[in-house]
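The structure under discussion appears below in the form of structure tokens.
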Amino acid sequence: MTTSHDMPFGTRLLPDGGVEFRLWAPGAAAVQLAHAAAGGAEQLHPMQRGAHGWHTLALPAARPGDDYRFVLPDGLRVPDPASRFNPGDVHGPSRVIDPAAYRWQHAGWRGRPWHEAVVYELHLGTFTEAGSYAAARERLPELAALGITAIELMPLADFPGQRGWGYDGVLMYAPDASYGTPDELKALVDAAHGLGLMVLIDVVYNHFGPEGNYLHAYCPSFFNPAHQTPWGAAINYDGPQARTVRDFYVHNALYWIEEYHFDGLRMDAVHAIRDDSPRHIVREICEALQAGPGRQRQVHVVLENDDNQAHLLVRDASGRPGAATAQWNDDLHHAAHVLATGETDGYYADYADDPAAAFARALAQGYVYQGDPSAFRGGERRGEPSAHLPCVAFVSYLQTHDQIGNRAFGERIHQLADPVLLEAAYACLLLSPHIPMLFMGEEFAASTPFLYFCDFGPELAEAVSRGRREEFGRFAAFSDEAARERIPDPNAPGTLQASRLRWDERQQGEGARVLARMQALLQLRQRELVPRLAGMREGGRWRCQDGCIEVAWDLGGAKLRLLANFGEEPVRGMAAPAGRVLHQQRVNLADGGLELARGGVCVALEA
């Protein structure tokens, strides 16, 4: 089976041969196509300007494998903003791709229901030594054996240079060539489906990166100066000519699902999208996915949303999401981080007063901040009530690329936390009804950091390196220049290299022990919790006293109860939980009573 997504942007292969080239450039009076047959020199062809700023040209001699770009009236050559592949990076020509050339081996895949998800976030450039789609494909069986059911790829939209996290992408339809070809990405998704793994892709619809975005030169309508953001004028989702811009992103979402068979999207920082339209672009994208590919298979949308907007996660009477499937739950992470590490700088200050209570509330109800005032935000109220949502609406974790990579030296949680409390937090996370997520290497307590790295041009590279070191200057540990100079340079090739996983650690010492424990907890989750999660309709109940938390959830007829002691002293004389004990650590059950040592956890199920 072969598949492709039909869209009004970019190139279209003509039924009788040749290629149609299309560019929306309302700010350009005339556009030429610079076309180069494979191995040949560029030749210029005038394009026809039509209504509403569209420029088109059908070229009978063009074929897949040819390179092309657009020439503006001032001579500037620009890539196709809807390029399917840009092997010469973001400043080079685009390449004509036959989107239906790849023959899918698992075309019958229909996805998995969301409640079965155990997510594994990975960065393709550092997941393996080779840093490629093909190399990542070889590691998938190990993830499936661990108990992972979904992998989430950090952004792939073409970014400048050979190294980057992906959040500086500028060509939204072109998977970055530093990892391989489009067909090699499709083969990665195909292989994952063969192992029963869903694949999500992280997409950035709130801004373009600072290098390689040429839209301002010929399409100023793509931006709305009425909304200013940290990256300049906002993407135009609600101003004049916004319909074409909205279509660009709706089609991009459909493109990844239909042409690459991804199982869903993780939408980066939707709180930074400026859209005052009656129907927000996030909702429009979710509806388009469900009305399109979602009619044939399971399609999921996960949001990153600092504003804790519960209305985007509401379910209908059957439990089906009205818009997004789930949200990354930073609240749970922040509470757990303070609890396990004692750090209270920056946004962690909002969780410092009683981190155990905050962790319990997050486990029970998803958000900690449900309209509560945030000291970090100057007293501004943040969030919406979320207790009515099932816990599967929250993707929860103890670390992500953000919380590791935004540290000066990229330390992972196990290098910062009290090990006893950290083990307790993992048991709470993996045996809760939340959708758990691990960051690559977390399953074996990887020794390698995950640093911030990029590959910008010289002037911007210097500014980024200097700015990052200055940013950390507000912390006492980096108050002197010598300390700041020790922070790794994001643009140095060695910074990426230092972040690559060492897979042999999975079989050695502490890595093997952590891996075995993670696998055992995930097997228990799969056996006892997952079959009951589809029936969950709302959050749970919680209480906390002196660092000891108790959380209870209704799982469609069964009751799940979790007790955990994050206090300094043992807790004695508690009533033993009703039902069958699924898991216990640092617990003494005797004479019908319960004693929880520091870091003790007891999880019971009453069916």
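The values are calculated or read from the model by the stated rules, or taken from the named source; none is laboratory data. Predicted model, so just to flag it, every value in this text is computed and none were measured. Note that each Cβ is placed from the backbone with ideal geometry, even for glycine, and that neighbours are counted across all protein chains shown.
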Open item on the list: Scan the range 487-501 and tell me whether some residue there is of a type in the set (Asp, Glu) and under 19 Å from Gln415 (Cα atoms).
Closed with: no
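Per-residue answers, yes or no, for (1) part of a loop (DSSP other than H, G, I, E, B); (2) touching a residue at least 12 places away in the same chain (Cβ under 8 Å); (3) more than 30 Å from Thr149 (Cα to Cα); (4) of a type in the set (A, V, I, L, M, F, W, C):
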{"site": "Phe21", "(1), (2), (3), (4)": "no, yes, yes, yes"}
{"site": "Ala28", "(1), (2), (3), (4)": "yes, yes, yes, yes"}
{"site": "Gly40", "(1), (2), (3), (4)": "yes, no, yes, no"}
{"site": "Thr56", "(1), (2), (3), (4)": "no, yes, yes, no"}
{"site": "Phe70", "(1), (2), (3), (4)": "no, yes, yes, yes"}
{"site": "Arg84", "(1), (2), (3), (4)": "yes, yes, no, no"}
{"site": "Ala107", "(1), (2), (3), (4)": "yes, yes, no, yes"}
Open item on the list: If I ask for residues that are crowded, with 20+ Cβ neighbours inside 10 Å, among the polar types (S, T, N, Q) and under 24 Å from Ala323 (Cα atoms), which ones from the range 217-250 would you list?
Closed with: Asn236
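Mind checking which helices (runs of 4 or more DSSP H) fall wholly inside the range 476-526 and carry at least 1 residues that are among the polar types (S, T, N, Q)?
The qualifying helices (runs of 4 or more DSSP H) are 493-498, 509-524.
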- [ ] May I ask you to say which residue of Asp202, Asp158 is among the acidic types (Asp, Glu) and within 24 Å of Ala101 (Cβ to Cβ)?
- [x] Asp158
TODO: Please work out which residue is nearest to Asp158 (Cα to Cα), limiting yourself to the range 68-80 and to residues that are of a type outside the set (Ser, Thr, Tyr), more than 31 Å from the chain's Cα centre (by Cα) and surrounded by 18 or more Cβ atoms within 10 Å (Cβ to Cβ).
DONE: Phe70
Task: Those residues of the range 126-178 which are among the acidic types (Asp, Glu) and in a helix (DSSP H, G or I), in sequence order - done: Glu138, Glu142
- [ ] Report yes if some residue within the range 520-530 is surrounded by fewer than 17 Cβ atoms within 10 Å (Cβ to Cβ) and closer than 17 Å to Val587 by Cβ; otherwise report no.
- [x] yes
Task: Count - residues of the range 221-234 that are touching a strand residue (DSSP E or B) at 6+ places or on another chain (Cβ under 9 Å) and under 14 Å from Pro210 (Cα atoms) - done: 4
- [ ] Select, from Ala234, Ala242, the only residue that is in contact with a Lys or Arg (Cβ under 6 Å, 6 or more places away or on another chain) and modelled with pLDDT of 95 or more.
- [x] Ala234
Task: Hits in the range 547-584 - residues which are within 35 Å of the chain's Cα centre (by Cα), free of Cβ contacts under 8 Å to residues at least 24 places away in the same chain and more than 26 Å from Leu389 (Cβ to Cβ) - done: Val581, Gln584
Task: Search result, residues across the range 307-340 that are free of Cβ contacts under 8 Å to residues at least 40 places away in the same chain, part of a loop (DSSP other than H, G, I, E, B) and under 23 Å from Pro436 (Cβ atoms) - done: Arg320
TODO: Give the residue, chosen from Arg112, Arg63, that is at pLDDT 95 or above, surrounded by fewer than 20 Cβ atoms within 10 Å (Cβ to Cβ), charged (D, E, K, R) and under 27 Å from Gly196 (Cα atoms).
DONE: Arg112
TODO: Determine whether Pro373 is touching a residue at least 24 places away in the same chain (Cβ under 8 Å) and not in a helix (DSSP H, G or I).
DONE: no
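From the set of residues in the range 431-458 that are within 20 Å of Arg486 (Cα to Cα) and not polar (S, T, N, Q), which is surrounded by the most Cβ atoms within 10 Å (Cβ to Cβ)?
The first filter runs over the range 431-458 and keeps only residues within 20 Å of Arg486 (Cα to Cα), leaving 447-455.
Those still in the list that are not polar (S, T, N, Q) too: 449-455.
Working: Pro449: 20, Phe450: 28, Leu451: 25, Tyr452: 22, Phe453: 26, Cys454: 25, Asp455: 21.
Once the filter is applied, the top-ranked residue is Phe450.
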Task: Answer residue from the range 430-475, given it is among the aliphatic types (A, V, I, L, M) and part of a helix (DSSP H, G or I) and is farthest from Phe409 (Cα to Cα) among those - done: Leu430
Task: Hits in the range 321-337 - residues which are aliphatic (A, V, I, L, M) and buried (at least 23 other Cβ atoms within 10 Å of the Cβ) - done: Ala324, Ala326, Leu332, Ala335, Ala336
Open item on the list: Quick check on the range 471-484. Is at least one of its residues within 25 Å of Gly131 (Cβ to Cβ) and among the acidic types (Asp, Glu)?
Closed with: no
Open item on the list: For the range 381-428, give me each residue that is in a strand (DSSP E or B), closer than 20 Å to Arg532 by Cα and touching a Gly at 6+ places or on another chain (Cβ under 9 Å).
Closed with: Phe394, Ser396
Task: Candidate set: the range 264-311, residues that are closer than 25 Å to Leu332 by Cα and of a type in the set (S, T, N, Q); chosen: the one surrounded by the fewest Cβ atoms within 10 Å (Cβ to Cβ) - done: Gln309
TODO: Give the residue that is nearest to Gly92 (Cα to Cα), with candidates limited to residues of the range 178-202 that are out of contact with any helix residue (DSSP H, G or I) (no Cβ under 7 Å at 6 or more places or on another chain) and β-branched (Val, Ile, Thr).
DONE: Thr181
Open item on the list: If I go through the range 179-216 residue by residue, how many of them are surrounded by fewer than 19 Cβ atoms within 10 Å (Cβ to Cβ), in contact (Cβ under 8 Å) with a residue 24 or more places away in the chain and assigned to a helix (DSSP H, G or I)?
Closed with: 4
Task: Matching residues in the range 289-306 - criterion: being assigned to a loop (DSSP other than H, G, I, E, B), over 21 Å from Thr149 (Cα atoms) and either among the polar types (S, T, N, Q) or out of contact with any Asp or Glu (no Cβ under 9 Å at 6 or more places or on another chain) (or both) - done: Asn305
